[in-house]
Amino acid sequence: MEVLFATNNPAKIKIYADKLKENGIELKTLANLKISDEVEESGNNSIENAIIKAKGYYKKAKIPTIGMDNCLYIEGINEEDQPGTHVRRVHGKRLSDKEMIDYYTGLVKKYGRNLKAKWVYGMAIFDGNETKTYTWSKGEFYFVEKPSPILNEGYPLDSISVMAEDGKYFVDLSREEKDAYNNKSSKDDDVVKFILNSLKEFEQ
């Protein structure tokens, strides 16, 4: 069975492609199907955006379609300060890497403590008639006031994010430590089960 994974991020495809292929599911990408039009993501959270993607790209592909999105949740802050799906866009402005560091360290200063945060993911599968959804969180960490002098271009929050266990900056993690962190908080097997079970239910 061919299924569209509505993303242009090859890393996301790679996570699930091999395991799904073992079960007779061939993931297609937007590039594979020559779909270039973008679906506007206007949802308030990761699940809403995932549904929008799944339904929007199904109209173009006409095969079961997976939409996926993620949002940033910070514990113990006011609702108006929650980044949600707008991690880089604040008050209508798209922030540069430096502006992101300044903004999020500003939140730490505002609340007077390191801020515990996590990424919340949403996935939706639409077959033209029915929608199945799944949500999960991955990895808890802290935002701190003092940035690391090291900056990963394009990933500025890694310079102010520290491990919950030992306070080590994300930018200072070795490849082995990053892999161990990702594996510890991974829900990949559960996500694959969700996809397979959803597709089976669509066929019933």
Dipole of the chain, positive direction: furthest Cα of 78, 46, 32, with charges on the beta-carbon: 32
Computed over the chain: relative contact order in percent, which uses C-alpha pairs under 8 Å that are six or more apart: 17
Range of Cα positions in region 1-53 per principal axis (Å), largest first: 35, 23, 20
Size of charge dipole - the chain - debye, nearest 20, with Cβ of Lys, Arg +1 and Asp, Glu -1, no other charges: 280
Of all DSSP beta bridges in region 2-203, antiparallel share, percent nearest 5: 85
Per-residue HN-Hα couplings for region 144-151 [Karplus 6.51, -1.76, 1.60; θ = phi - 60°; Hz; x = Gly/Pro]: 10, 6, 9, x, 5, x, 8, 10
Gain in span if fully extended, residue 89 to residue 202, counting 0.36 nm per residue against the direct Cα distance: 37.0 nm
Expected 222 nm ellipticity per residue - DSSP helices of 4 or more, -39500 (n - 2.57), all of the chain, to 500: -11000 deg cm²/dmol
Cα-based convex hull volume of region 2-203 per residue, rounded to whole Å³: 132
Pairs from 116/187; 55/193; 60/184; 12/93; 53/109 whose Cα-Cα separation, in the structure shown, is over 29 Å: 60/184; 53/109
J(HN,Hα) series, region 26-35, from Karplus relation 6.51 cos²θ - 1.76 cosθ + 1.60, nearest Hz, glycine and proline x: 9, 6, 9, 9, 4, 5, 4, 8, 6, 9
Extension gain from residue 33 to residue 11, taking 0.36 nm per residue of separation minus the Cα-Cα distance: 6.1 nm
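Rule-based calculations on the coordinates, nothing more; no lab input. A quick note: this is a predicted structure, and the numbers were derived from the prediction, not measured. Positions of Cβ are backbone-derived with ideal geometry, glycine not excepted, and every protein chain shown enters the neighbour counts.
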